[in-house]
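Shown next, in structure tokens, is the structure this report addresses.
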Amino acid sequence: MRWPALMFLVILPGMLWETGDGAPAWDKPATPVAIYDADPAHIWNRLYAALCIREDRHGVRYGEDSLDPPLWEETEHLLSGPSHALALKVLDEFLQTHAENLIRDPVKRALLQRDLWAVFDWSVTQAPRSKRPEYTDGKRELQVRLAEVIRRLALSAKEIEALPDNFTQAVASGEFAKEYDPAHPDRPFLPPDLFDPRGPWFWLEDQGGDGPIAVNHVTEFSGRSSFLVFIRLPGGRKATVDYLQKLWNFPQPWVQGPDFAADQALVNPDLPSFPEGTEVALVRQMILFDNQGNLAPSLLIESVQMRVYRNITSTPARDFGGGDMAEVAKRSGQDFYQVRLRRRQLFAGKAGGLSATEKDEKELPTFQTKGDDLIDEIADNPHSKGTWPPALQTCLMCHSGGGVRSLNSLEKLLKPNRRQQDFPAGETYRPGWWLNAGTPNWKQDRYEWGLLNGYWKAGARPQ
């Protein structure tokens, strides 16, 4: 691709800032980090740091190895000022020096593509409130460079198919228990048979054809990940299939809403719930695109969230009167677990790069935070960080109902949707049978995917 000369004009009128040491802000190095290479000065590390790591005005760093960059709908970081100038400078250096050739490891290339793709999509969906600048020029300057960098990083379809099955690696590492142990409820686990098409875990598939079953999660991350939902009743696969059939056969799955919403149909609160000991898993799977511009799901797992129902409560946790979130979690009847991807571990080949979230570990939330820039808020009010609940307890904010009412995909399991069906007997399934779960098709219809393709088609491909 002949990169238009205009795209390399980084220093525009009004884009010089002082850093405090007399140097212009665009010449100040990004926060040092050594993730993609042992040398923090490596261009891949500097690019990742400039785009995905932030420091507030008190010098506190955020996002060094987060699953998602610390960027929200209201964020103005990267769109103007020193952070914008630095981002363009490092992107231009990457492009001009063809730094995509410095690292050939397919796993590292996949991860950097993923990280930069997230920033691109955020720049498209960023929507500041009224009376704030729209940053139209700043967004375009960022997007046109990001589009070319992530295109150059793209793997071939065969390379994506050959990416490691890091879930299997994690299970084989022995780092995790293989099942839930009620005597040791703090012990994280990964079931080896989670993806076994004949095993006790049943994959909940969208039967209505109207999008992914965990659509809230897919939408929140703009379709760059598939989210797969599995359920396991204590009696095994047959008990799980029988329960789903019973749920679908329930004679009155919907009831009329209350007087103030009489025109709405609500899920019947008398639906039969699953029993104590039921387990639910939400698997986040990485989607990439190949060097032909085709969306391609990979075997790389970004996270696994598990919920175990110790008992079935009739009162939603949000109605337990507030108080300490740990107490609310206990009264919810659920135990929560999360195993998520850590880049350094993945690159080092340790446990498939998957690591358990500790019971009291806190993460900077990016999921359903209503757009406010939390880093700016923390800088203004440092004490607010202490009010965050641990990451594992935040699941209650969306899954606080008792039993089956805690499943946000419950509506898709009821009529008039088609019923969940088991795999036909006698058929064999190769590893990765679950890869094409509908999300790539969903992503293809998104505006930001069309815009990314538009940038690619705007010029000739590089030789």
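Summary of values
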{"item": "Residue 187-residue 425 pseudo-label distance in nm [points 7 Å out on the Cα-to-Cβ vector]", "result": "3.7 nm"}
{"item": "Square roots of 5 times each gyration tensor eigenvalue, C-alpha, the chain, largest first, Å", "result": "40, 25, 22"}
{"item": "Residue 78 long-range amide H proximity, modeled H, under 5 Å", "result": "83, 84"}
{"item": "Sequence-distant lysines (8 or more away, or on other chains) whose Cα lies within less than 23 Å of residue 131", "result": "139, 370"}
{"item": "Order by protection proxy (mean Cβ within 10 Å, highest first), peptides 397-408, 234-245", "result": "397-408, 234-245"}
{"item": "Taking N as its residue count, the alpha carbon Rg of the range 395-463 over 2.2 N^0.38 Å", "result": "1.80"}
{"item": "Contour excess over end-to-end distance, with Cα ends at residue 73 and residue 290 and 0.36 nm allotted per residue", "result": "75.3 nm"}
{"item": "1.4 Å probe accessible area per residue over the chain, in Å²", "result": "47 Å²"}
{"item": "Gain on full stretching of the segment that runs from residue 98 to residue 458 - 0.36 nm per residue minus C-alpha separation", "result": "127.7 nm"}
{"item": "Ranking by accessible area, most exposed first, for 114, 104 with a 1.4 Å probe", "result": "104, 114"}
{"item": "Computed over the range 220-296, the ratio Rg/Rh where both radii use C-alpha atoms and Rh is Kirkwood", "result": "1.15"}
{"item": "Calculated P(r) of the range 340-463 - Cα pairs past 21 Å, %", "result": "72 percent"}
{"item": "For the range 429-444, Karplus couplings with θ = phi - 60° (6.51, -1.76, 1.60), whole Hz, Gly/Pro x", "result": "10, 7, x, x, 4, 8, 4, 8, 9, x, 5, x, 5, 5, 5, 4"}
{"item": "Long-range amide H partners of residue 289 with built H, under 5 Å", "result": "296"}
{"item": "Per-residue SASA entry for residue 98, accessible area with 1.4 Å probe, Å² rounded to 10", "result": "80 Å²"}
{"item": "Residue-averaged 222 nm ellipticity for the chain, from DSSP H runs of 4+ at -39500 (n - 2.57), nearest 500", "result": "-8500 deg cm²/dmol"}
{"item": "Reach of residue 178 by Cα under 28 Å, taken over lysines that are not fewer than 8 positions away in the same chain", "result": "238, 330, 350, 359, 362"}
{"item": "Under 5 Å, built H, 5+ apart or other chain: amide partners of residue 204", "result": "229, 230, 231"}
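The values are calculated or read from the model by the stated rules, or taken from the named source; none is laboratory data. Quantities reported herein were computed from a predicted structural model and do not represent experimental measurements. All Cβ positions, glycine included, derive from the backbone under ideal geometry; neighbour counts span all protein chains shown. Ligands, DNA and RNA are stripped out before the accessible areas are found, and what is left, the full protein with its side chains, is counted by its heavy atoms. Shrake-Rupley method; radii C 1.70, N 1.55, O 1.52, S 1.80 Å.
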